[in-house]
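Just so it is clear, none of the values below were taken in a lab; they were calculated from the coordinates. Keep in mind the model is a prediction, meaning the values are calculated, not measured. Don't worry about glycine lacking a Cβ; one is built from the backbone with ideal geometry, like all the others, and counts go over all protein chains shown.
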Amino acid sequence: KEIDWRSLKVRHDPVIYTDIEMPGSPKNHILFRSSFLNDTNHEQEYNLKAERRTVSTC
């Protein structure tokens, strides 16, 4: 079955920076999250994950 891309929704949220004055330990941030609806009779499993971790040194 082909993917129906017409039902794809993309949402861009504004970037919010916190702890600018107080650097601390690296934190993970969600870069991409996805939900799938399986409307077939076949078992399906999807695992998608994208993370960002940055470290700064002074």
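Please arrange E51, E45 by how many other C-beta atoms lie within 10 Å of their C-beta, fewest to most.
Working: E51 9, E45 6.
Ascending number of Cβ neighbours within 10 Å: E45, E51.
Could you please rank R33, R6, placing first whichever residue has the fewest other Cβ atoms within 10 Å of its Cβ? Numbers along the way, then the final one.
Values: R33 9, R6 5.
In order of increasing Cβ crowding within 10 Å: R6, R33.
Would you mind getting me the FRET efficiency between N47 and R6? Use the beta-carbon distance for r and R0 = 30 Å, nearest 0.05.
Details: r = 24 Å, r/R0 = 0.81.
According to the calculation, E is roughly 0.80.
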